[in-house]
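Here is the structure we will look at, set down as structure tokens.
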Amino acid sequence: MGIENIVVEPLTEHIGVELHNVVFEAMAPTRPFIDMMKRLLDEHRVVLIRGQKIEPGTAQDFTSNFGPLLDIKRQGSGALHVPDAEWIKVISNGKTADGQLIGDGNSSAQLWHTDSTPWEAPVGHIAFYCRQTVDPAPSTYFMDMIKVYEALPQAMKDRIDRLRVIHHFFPRQIEPEIHRNAPSMPLEDRKLGTLHPLVRRHLGTGKPILYLPTRRDSLIPDMDEAESRALLTELWDFVDTCPFKVGHAMMPDDYVIWDNSATVHSRDGWPAEKVRIMWHISAEGEVPIPLHPRRTLNTIGLDPDKAREVNKGMAMVDY
Ligand SMILES: [Fe+2]
């Protein structure tokens, strides 16, 4: 069976597709399937394939087509994960019969977020393979941040297109309880994150992405704290009103892969005494490229004073 038999069905009118007639284990190493998946992810952000039997090595190798694989397992936890599968992080709130953690994580709901934004080159693509869920199955949600950007009022686009934001580390920032109640890190610590464009360019399509830090207390250089917070809160509030999303309750043998640079995701929580098990594989993306990178004009041949004058006007963001 080849890719010519694959049927592509939209998950919603806005984001995501489901594929039918796929045998992932057999097709994943083949060039036509890899190219098809890359094209579908560029166009639709999220791809769902149900009912798959996938070996650890196959799942890892396929994700490596999108970038170097990343070890994002919590260090020092002693969790089992998948022995001999270095790049699979098991997300689970459960323990084995002899008390060992099955993987990383808990049963908390999660807020809209993009993974690993404080990294210089954040995760580009993420694959999920569901091994066990609970009843009722919690949903994972995805929002298309290219469409969110497109929907912003022009005045807001003009305001944010050239801004940068410092993405700082904040443990468990995606859990609603911590998001609501944990105090901000000291200002000095919040200055220590990674500077990313607030609007980045999607390499697959060239389109602008609204690229938000999860923390509303992140700092925008040249703004004071209150102004930064007000703008990030306004943007996240806008995200919450947008319809460009899909929710899917992952069932055992469901495989989902998504573009982490152009989406935010979230999930429902579930009772802590019930155990869900998910394989999670991450591939590195690119260093975010600003919609408006700083650049100079070609002034070779002008005298240095004149060249400086000309290029002053190109220094669009001055840190
Ligand atoms: Fe996440």
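The values are calculated or read from the model by the stated rules, or taken from the named source; none is laboratory data. Owing to the predicted nature of the structure, the values given are computational and were not obtained by experimental measurement. So basically every Cβ, Gly included, is an ideal-geometry build from the backbone, and we count neighbours across all protein chains shown.
Mind checking which pairs have a first residue in the range 12-28 that is at negative phi and a second that is of a type in the set (Lys, Arg) and assigned to a loop (DSSP other than H, G, I, E, B), Cβ under 7 Å, 6 or more apart or different chains?
Pairs that qualify, where the first residue is at negative phi and the partner is of a type in the set (Lys, Arg) and assigned to a loop (DSSP other than H, G, I, E, B), are Ile15/Arg45; Glu25/Lys53.
All but one of (1) at pLDDT below 95; (2) away from the ligand (no atom under 16 Å from the Cβ) hold for Arg74, so report the exception by its number.
(2)
For Tyr129, are the conditions met, namely being more than 13 Å from the ligand (Cβ to nearest atom), aromatic (Phe, Trp, Tyr) and more than 23 Å from His168 (Cα to Cα)?
Yes: the conditions hold for Tyr129.
Need pairs with beta-carbon distance below 6 Å; first residue without any contact (Cβ under 8 Å) to a residue 24 or more places away in the chain and within the range 75-90, second of a type in the set (A, V, I, L, M) and part of a loop (DSSP other than H, G, I, E, B); sequence gap 6+ or separate chains.
Every condition considered, the pairs that remain are Leu80/Ile102.
Looking at (1) surrounded by 15 or more Cβ atoms within 10 Å (Cβ to Cβ); (2) over 30 Å from Asp61 (Cβ atoms); (3) more than 16 Å from the ligand (Cβ to nearest atom); (4) touching a residue at least 60 places away in the same chain (Cβ under 8 Å), find the lone condition where Val239 falls short.
(3)
Tell me the residue from Val275, Val264 that is of a type in the set (Val, Ile, Thr) and assigned to a strand (DSSP E or B), please.
Exactly one of Val275, Val264 is of a type in the set (Val, Ile, Thr) and assigned to a strand (DSSP E or B), namely Val264.
Taking into account only those residues within the range 49-83 that are among the hydroxyl-bearing types (Ser, Thr, Tyr) and either out of contact with any strand residue (DSSP E or B) (no Cβ under 8 Å at 6 or more places or on another chain) or part of a loop (DSSP other than H, G, I, E, B) (or both), which is nearest to Glu18 (Cα to Cα)?
Among them, the one singled out is Thr58.
Being free of Cβ contacts under 8 Å to residues at least 60 places away in the same chain, surrounded by fewer than 22 Cβ atoms within 10 Å (Cβ to Cβ) and of a type in the set (Gly, Ala, Ser) narrows it down to one residue among Ala249, Ala307; which is it?
Going through Ala249, Ala307 in turn, just one is free of Cβ contacts under 8 Å to residues at least 60 places away in the same chain, surrounded by fewer than 22 Cβ atoms within 10 Å (Cβ to Cβ) and of a type in the set (Gly, Ala, Ser): Ala307.
Within the range 204-250, track down each residue that is closer than 20 Å to Glu13 by Cβ and among the polar types (S, T, N, Q).
Once the filter is applied, which keeps residues that are closer than 20 Å to Glu13 by Cβ and among the polar types (S, T, N, Q), the range 204-250 yields Thr205, Thr241.
Out of all the residues in the range 59-74, which are surrounded by fewer than 17 Cβ atoms within 10 Å (Cβ to Cβ), more than 15 Å from the chain's Cα centre (by Cα) and within 21 Å of Phe24 (Cβ to Cβ)?
Asp61, Ser64, Asn65
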